[in-house]
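See below for the structure under consideration.
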Amino acid sequence: MEIRPIRTHEDHQDALREIERLWGADIGTPDGDKLDVLVTLVEAYETVHWPIEAPDPVELIKAHMEVAGLTQADLGAVLKSPPRASEILNRKRALSMDMVYRLSREWHLPADQLIKPYHLAAAGRSTKHASQPSIARMTVTIYGIKTCDTVKNARTWLEGRDVAHRFVDYRAEGLDPKNLARWKGAVGWEKLLNKASTTFKELPDADKAGLDEKTAVALMQTHPTLIKRPVLDVDGKITVGFKPEIYEQAVSGR
């Protein structure tokens with residue numbers, strides 16, 4: 001058989017018959033080289049004409065768990081919440097951006113597959129049409145310190161409303177100066193600096209005296225715990241601190 005592009009069903013069948021005839025040919029021989037080329041051509045043709053649809057996020061997670069021998073308890077450990085693991089596997093709750101981040105980091109699952117819309121169990125509801133803004137329409141990042149009670153309350157509020165978000169612990173991961181400059185520009189250094197914090201109270205009097213923008217920014221960069229927590233970023237709109245009514249406005253776009 002002459003090797004040529006596979007354009008029709010007949011070409012495809014001819015190539016399959018030739019592959020069957022050549023199967024087992026030694027690598028590096030003329031027949032072996034011909035076999036490699038035909039297999040590549042057939043795979044390309046079948047990919048175009050009979051594409052295999054990628055699994056939805058829940059199916060992807062379940063498949064990975066089965067192959068890796070993981071349990072629901074293992075999923076709960078990754079998500080930092082055993083109840084959330086059950087809700088995700090039973091399609092009662094949509095994956096949040098924080099969950100996507102954890103699964104991608106810990107289990108190396110492709111994030112682009114995890115963020116795809118999928119159907120939830122309740123009345124066939126789809127994450128594409130959930131009551132809260134979807135990932136595709138809104139990017140939410142919350143910055144703070146994971147041990148802070150106010151940060152915990154804010155994250156619980158977001159998760160309770162299925163608002164997909166990413167959490168950045170700037171004490172553990174470091175504070176990006178660009179973020180600090182952006183937050184300061186959005187709300188002002190006076191609002192961003194938490195003078196009621198233990199860190200501020202323990203500063204030397206010389207550092208607290210005559211505070212101005214430059215000094216305050218330098219202090220917050222050196223001591224991130226001076227920043228009022230949490231900092232919520234919704235598509236670039238910055239909110240500092242946590243109040244449910246303010247968060248409601250921020251995530252609803254009002």
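The values are calculated or read from the model by the stated rules, or taken from the named source; none is laboratory data. As the structure is a prediction and not an experimental result, all values here were calculated from the model. We place every Cβ from the backbone using ideal geometry, glycine too, and count neighbours over all the protein chains shown.
I need the full set of residues from segment 100-122 which are touching a residue at least 60 places away in the same chain (Cβ under 8 Å) and either out of contact with any strand residue (DSSP E or B) (no Cβ under 6 Å at 6 or more places or on another chain) or of a type in the set (D, E, K, R) (or both), in order please. Once the filter is applied, which keeps residues that are touching a residue at least 60 places away in the same chain (Cβ under 8 Å) and either out of contact with any strand residue (DSSP E or B) (no Cβ under 6 Å at 6 or more places or on another chain) or of a type in the set (D, E, K, R) (or both), segment 100-122 yields 100, 116, 118. When you look at residue 19, is it loosely packed, with under 10 Cβ neighbours inside 10 Å, β-branched (Val, Ile, Thr), outside the structural domain of residue 96 (by TED's automatic domain parsing) and under 43 Å from the mean Cα position of the chain (by Cα), yes or no? Against the criterion (loosely packed, with under 10 Cβ neighbours inside 10 Å, β-branched (Val, Ile, Thr), outside the structural domain of residue 96 (by TED's automatic domain parsing) and under 43 Å from the mean Cα position of the chain (by Cα)), residue 19 does not qualify.
Look at segment 33-50: where a residue is crowded, with 16+ Cβ neighbours inside 10 Å and modelled with pLDDT under 90 and a partner is of a type in the set (Asp, Glu) and part of a helix (DSSP H, G or I), sitting 6+ places away or on another chain with Cβ atoms under 8 Å, you get 45/11. Does any residue of segment 64-73 turn out to be crowded, with 16+ Cβ neighbours inside 10 Å, assigned by TED's automatic domain parsing to the domain that holds residue 112 and part of a loop (DSSP other than H, G, I, E, B)? Yes, segment 64-73 contains at least one residue that is crowded, with 16+ Cβ neighbours inside 10 Å, assigned by TED's automatic domain parsing to the domain that holds residue 112 and part of a loop (DSSP other than H, G, I, E, B).
Quick check, is residue 88 within 30 Å of residue 143 (Cβ to Cβ) and in a helix (DSSP H, G or I)?
Working: within 30 Å of residue 143 (Cβ to Cβ): yes; in a helix (DSSP H, G or I): yes.
So residue 88 passes the test.
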